[in-house]
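A.B. asks: Please read through the structure below; I'll follow up with questions.
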Amino acid sequence: MDVQTWTFLIVGASFALYIGIAIWSRAASTGEFYIAGGGVHPVANGMATAADWMSAASFISMAGLISFTGYDGSVYLMGWTGGYVLLALLLAPYLRKFGKFTVPDFVGDRYYSHTGRIIAVFCAIFVSFTYVAGQMRGVGVVFSRFLEVDITSGVLIGMALVFFYATLGGMKGITYTQVAQYVVLIFAYMVPAIFISILLSNNPLPQLGFGGFLSGELGSQVAGGQQIYLIDKLNQLHAELGFAEYTSGTKSMLDIFCITMALMVGTAGLPHVIIRFYTVPKVRDARISAGWALLFIAILYTTAPAVAAFARTNLIGAISNATYSSSAPDSVKKIPGWFKTWEDTGLIAWVDKNKDGKVRYDGSGSAMVGKPKFAVAEDDSTPLGASGERLFSNSPTDNTNEVYIDRDIMVLANPEIAGLPNWVIALIAAGGLAAALSTAAGLLLVVSTAISHDLVKRTFNPNISERSELLTARISAAAAVIVAGYFGINPPGFVAQVVAFAFGLAASSFFPAIILGIFDKKMNREGALSGMVVGIVFTAMYIIYFKFLGGTSDQWFLGISPEGIGTLGMIFNTVVAVIVSRLTTAPPEHIQELVEDIRIPRGAGAASEAH
Amino acid sequence: MIATFGDLVEVFVDTENQRLAYWRSNLTYLIVLLTIWFVVSYGFGILLVDELNQFSLGGFPLGFWFAQQGAIYVFVALIFIYVQLMNQLDRKYGHSED
């Protein structure tokens, strides 16, 4: 069977599974809709959290990003895992004991303030929409690349599916679908990773092969008869070709520190992650499910840097100085077949600047201006260059580098590089879709809960009946899907830039407010709110200045990039909150008792309205 | 049996002390575990990365290994250790949920 048929088959089967689960797990009450009735097993919750957390970006782009940035890419690896330690130790058990539905609930109740609740609602909605637009786009991209459907139809299919199980099942439907999606995505990620590890290091465990000698079918070719560690060879190739050393990177230490911290703290402050810990029966389960979640995430996150290094070594080894023309004699090194396949998708491009028919790939900078656009001849035929390569209309740069490579290719092309059967390529499509859909659904639920519960029920219409609230929740979920789909089809140009916002805002607003609310009994409304405002305003202004108003990197405060500034925002938030709270009146007695109460696990019960 | 007002006060002081002792042990665990969390990631993976890269673990420069592998393994272990410690603590102070 060809790739296309396999893809339809596997993607179709996975979608049927998700729909089946949705019908089986319809939500009957608001408790089921918001937090799956609070009865999810910790291991299942761990898997659901892992799928919720790992997005299209983790699945498709992260290994490529690390592959091209080497050590600098560690910020994502540590940043997106270390946050779970904070979550497990500092947040999850206490929020579970607190026993309401949402983060704005906690902020509103702990700081006895409607203003606080509303600030939190808007932060939650903003953060979630920022993220979800990217996921919907990801769904469209996967569809268009693997199933030859255009991006718009791809987004519409994804919307229809999420619409179905999110509005029907709420958190309950989403949770059990996410468990299935985790299984699909981790299988799809590991199979090609294990094969490429065998090909380059003769070791089936990517995490170990990564630190081993180059051997195996492809590895021994790259090593050229030497007994050499893969990482040493990679550094050596980088030095020869003028790239920065793979294991050292180029960012300043302070910037690496701040970005890692902002990502960690941001992870622990993201509402769609926190809300997952309300779905388990007990405080003890909240603690352990953070452990399961991180274990399931770590399987992918420790494999990604290995895939990155394998793919990078293989890429340089295979294409550097290879002759493009297929009519070249067998004695010369020729470009592999996958290079040409991916050229047709515009993800790889080669401009033969020095007209020697050999591919020159080096660290002198980009090969052409902008992303590759195919040249079109007068008669609509595809013009080809002297060696039979595709031609591009972009103007070439003065650099000696002749190759453009899209980062996503490191995961997408792996099965072909490793010469794997067609069903594995189809599996990648299903895995990418599972990653994108699971994250999108989790985020949409946060938006719908924020509207129906935090705004309608808790702020505007406290007397709303259970039935109407459930209906409102379903309508807001549906509306959120439509808005997200719109952004997926017409992505605002600033999506990539605003991701820094999502983490920066979560780090500089929610995280200190929640931590102080648990660990500082004397923290009061005045302190927490002024801290949140200072944190948000500082972080937002810094990001807006550098991302939208043309600030340049030599103006960075202490050399900290906008991605890392959330760390400073968080520190300012905390300092302001503590000082202000000590200068104003202590929180009322019943709030201090509430804090005492959430510190003790016994008597958690299911989360509910009553308290 | 609580017979007199004096007994009542004693029970109250006792629970209050227990509560404080429980919370203090919890905070001690947090400080120790979060120190390890900080040292393996920010310490070994970032601040001391160049020094540690002088050493190697198999084919890995040590600092690089902590940044891309080791820190993540330690994170997972930390959460499971924390869960064990807290479950014991809950039992000791009778806060266990079952």
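The values are calculated or read from the model by the stated rules, or taken from the named source; none is laboratory data. The model shown is predicted, which means the values in this text are computed figures rather than measured ones. All Cβ positions, glycine included, derive from the backbone under ideal geometry; neighbour counts span all protein chains shown. To get the accessible areas, we keep the full protein, side chains included, count just its heavy atoms, and leave off ligands, DNA and RNA. Shrake-Rupley method; radii C 1.70, N 1.55, O 1.52, S 1.80 Å.
A.B. asks: Report relative contact order for the stretch A:508-566 in percent, whole number only (criteria: Cα-Cα under 8 Å, sequence separation at least 6).
C.D. replies: Numbers: 32 pairs, mean separation 19.7, N = 59.
Relative contact order here is 33 percent.
A.B. asks: Rounded to the nearest 5, what is the percent of antiparallel bridges among the DSSP beta bridges in chain A?
C.D. replies: So the antiparallel bridges in chain A amount to around 90 percent.
A.B. asks: Give the distance, in whole Å, between the Cα centre of the stretch A:1-67 and the Cα centre of the stretch A:390-419.
C.D. replies: Distance between centres, Cα-based: 31 Å.
A.B. asks: Evaluate the relative contact order of chain A (contact order divided by residue number), counting alpha-carbon pairs under 8 angstrom at least 6 apart; express in whole percent.
C.D. replies: On the way: 1139 pairs, mean separation 166.9, N = 611.
Here the relative contact order equals 27 percent.
A.B. asks: Further, regarding this structure: Using a 10 Å cut-off around each Cβ of peptide A:289-298, what is the average number of partner chain Cβ atoms that fall inside? Spell out each step's value before the answer.
C.D. replies: Numbers: counts 2, 4, 10, 4, 2, 7, 5, 1, 3, 5.
That average works out to 4.
A.B. asks: Across the residues of A:70-82, average count of Cβ atoms on other protein chains within 10 Å? Mind showing how you got there, number by number?
C.D. replies: Values: counts 2, 9, 1, 2, 11, 3, 0, 7, 12, 1, 1, 6, 11.
Partner-chain Cβ atoms within 10 Å, mean over residues of A:70-82: 5.
A.B. asks: Another question, then. Taking amide H positions as placed 1.01 Å from N in the peptide plane, with prolines and chain starts having none, which residues 5 or more places from residue A:368, or on another chain, fall under 5 Å of its amide H?
C.D. replies: A:397
A.B. asks: Mind listing the long-range amide H neighbours of residue A:333? Cut-off is under 5 Å, sequence gap 5 or more, other chains count too, H placed in the peptide plane at 1.01 Å from N.
C.D. replies: A:323
A.B. asks: Oh, and also: Could you give the accessible area per residue of the stretch A:135-281, probe 1.4 Å, as a whole number in Å²? Before the final figure, lay out each step's value.
C.D. replies: On the way: 4820 Å² over 147 residues.
Spelled out: the 1.4 Å probe surface of the stretch A:135-281, per residue, equals 33 Å².
A.B. asks: By per-residue mean of other Cβ atoms within 10 Å, what is the highest-first order of A:324-331, A:340-347, A:413-420? Mind dumping the intermediate values first?
C.D. replies: Working: A:324-331: 11.4, A:340-347: 15.9, A:413-420: 21.9.
The most tightly packed comes first, giving A:413-420, A:340-347, A:324-331.
A.B. asks: So, one more: How far apart, in nm, are the 7 Å Cα→Cβ label points at residue A:586 and residue A:399?
C.D. replies: The modelled label-to-label distance comes out at 6.2 nm.
A.B. asks: Please report, as a whole percent, how much of the solvent-accessible surface of the stretch A:246-397 comes from carbon and sulfur atoms (probe radius 1.4 Å). Spell out each step's value before the answer.
C.D. replies: Numbers: 3020 of 5420 Å².
Carbon-and-sulfur percentage of accessible area, whole number: 56.
A.B. asks: Highest first, please rank the peptides A:310-322, A:135-147 by the mean number of other Cβ atoms sitting within 10 Å of their residues.
C.D. replies: Numbers: A:310-322: 21.5, A:135-147: 24.1.
Highest-to-lowest ranking by the protection proxy: A:135-147, A:310-322.
A.B. asks: Carbon and sulfur atoms: what percent of the 1.4 Å accessible area of the stretch A:1-156 do they account for? If you can, show how the numbers build up before the last one.
C.D. replies: Values: 2910 of 4220 Å².
For the stretch A:1-156, the apolar C and S fraction of the accessible surface comes to 69 percent.
A.B. asks: List the chymotrypsin sites (Phe, Trp or Tyr not before Pro) within the stretch B:27-66 that DSSP assigns to loop and that have no more than 13 neighbouring Cβ atoms inside 10 Å. Kindly include the intermediate steps, with their values, before the conclusion.
C.D. replies: Working: sites: B:29, B:37, B:38, B:42, B:44, B:55, B:64, B:65, B:66; in loops: B:55.
Counting only loop positions with at most 13 other Cβ atoms within 10 Å, the chymotrypsin sites (Phe, Trp or Tyr not before Pro) in the stretch B:27-66 are B:55.
A.B. asks: Another question, then. Report, in whole Å, the centroid distance computed from the Cα atoms of the stretch A:587-601 and the stretch A:193-213.
C.D. replies: Their Cα centres are 52 Å away from one another.
A.B. asks: Follow-up. Please work out how much length the chain gains when fully extended from residue A:41 to residue A:16, using 0.36 nm per residue of separation minus the C-alpha to C-alpha distance, in nm with one decimal. List each step's numbers first, then the result.
C.D. replies: On the way: separation 25, 0.36 × 25 = 9.00 nm, distance 2.37 nm.
The residue A:41-residue A:16 span can extend by a further 6.6 nm.
A.B. asks: List the lysines whose Cα lies under 29 Å from the Cα of residue B:92, skipping any in the same chain that are fewer than 8 positions away.
C.D. replies: A:97, A:100, A:282, A:521, A:522
A.B. asks: Mind listing the phi-derived Karplus ³J(HN,Hα) values for the stretch A:427-441, rounded to whole Hz, using 6.51, -1.76 and 1.60 with θ = phi - 60°, and x for any glycine or proline?
C.D. replies: 5, 4, 4, 5, x, x, 5, 4, 4, 5, 5, 5, 5, 4, 4
A.B. asks: Give me the distance in nm between label points sitting 7 Å out from Cα along the Cα-to-Cβ direction at residue A:28 and residue A:537, one decimal.
C.D. replies: Distance between label points: 5.0 nm.
A.B. asks: Could you derive backbone 3J(HN,Hα) for the stretch A:366-377 from the dihedral phi with the Karplus parameters 6.51, -1.76 and 1.60 (θ = phi - 60°), listing whole Hz in sequence and x where the residue is Gly or Pro?
C.D. replies: Each residue of the stretch A:366-377 in turn: 6, 7, 9, 7, x, 7, x, 10, 5, 6, 10, 7 Hz.
A.B. asks: Please list B:17-26, B:77-86, A:182-191 highest first by mean number of surrounding beta-carbon atoms within 10 Å per residue. Write down the numbers at each step before the final one.
C.D. replies: Values: B:17-26: 14.3, B:77-86: 19.9, A:182-191: 22.4.
So the order, starting with the most tightly packed, is A:182-191, B:77-86, B:17-26.
A.B. asks: Where the centre of each part is set by its Cα atoms, how far does the stretch A:277-321 sit from the stretch A:533-573, in angstrom?
C.D. replies: Spelled out, the Cα-based centre of one part sits 29 Å from the other.
A.B. asks: Considering amide H positions built from the backbone, and no H for Pro or chain starts, which residues 5 or more places from residue A:392, or on another chain, come under 5 Å of its amide H?
C.D. replies: When sequence neighbours closer than 5 places are left aside, the close amide H contacts are A:375.
A.B. asks: For the stretch A:155-169, take each phi angle, set θ = phi - 60°, evaluate the Karplus expression 6.51 cos²θ - 1.76 cosθ + 1.60, and give the result in whole Hz per residue in order, putting x for glycine and proline.
C.D. replies: 4, 5, 4, x, 4, 4, 5, 5, 3, 4, 7, 6, 6, 6, x
A.B. asks: What is the mean number of Cβ atoms from other protein chains located within 10 Å of the Cβ atom of each residue in peptide B:54-63, rounded to a whole number? Before the final figure, lay out each step's value.
C.D. replies: Details: counts 0, 0, 4, 1, 7, 16, 7, 10, 0, 4.
Mean partner-chain Cβ count within 10 Å for B:54-63: 5.
A.B. asks: Could you work out the relative contact order of the stretch A:381-476? I mean the mean sequence separation of Cα pairs under 8 Å and 6+ apart, divided by the number of residues, in percent.
C.D. replies: For the stretch A:381-476, the relative contact order is 16 percent.
A.B. asks: Any idea of the accessible area per residue across the stretch A:424-548, 1.4 Å probe, to the nearest Å²?
C.D. replies: Dividing the accessible area of the stretch A:424-548 by its residue count gives 32 Å².
A.B. asks: In Å² (nearest 100), what accessible area is buried between B and A, both sides summed, heavy protein atoms only, 1.4 Å probe?
C.D. replies: Numbers: alone 7590 and 23350 Å², together 26510 Å².
Buried area (both sides, nearest 100 Å²): 4400 Å².
A.B. asks: Hey, another quick one. Could you check the simple spin-label distance between residue A:460 and residue B:21, using points 7 Å along Cα→Cβ, in nm with one decimal?
C.D. replies: 5.3
A.B. asks: Where nothing but the Cβ of Lys and Arg (+1) and of Asp and Glu (-1) is charged, how large is the charge dipole of the stretch A:30-131 around its Cα centre, in debye to the nearest 20?
C.D. replies: Numbers: 5 positive and 5 negative charges, 57 e Å.
Computed about the Cα centre, the dipole is about 280 debye.
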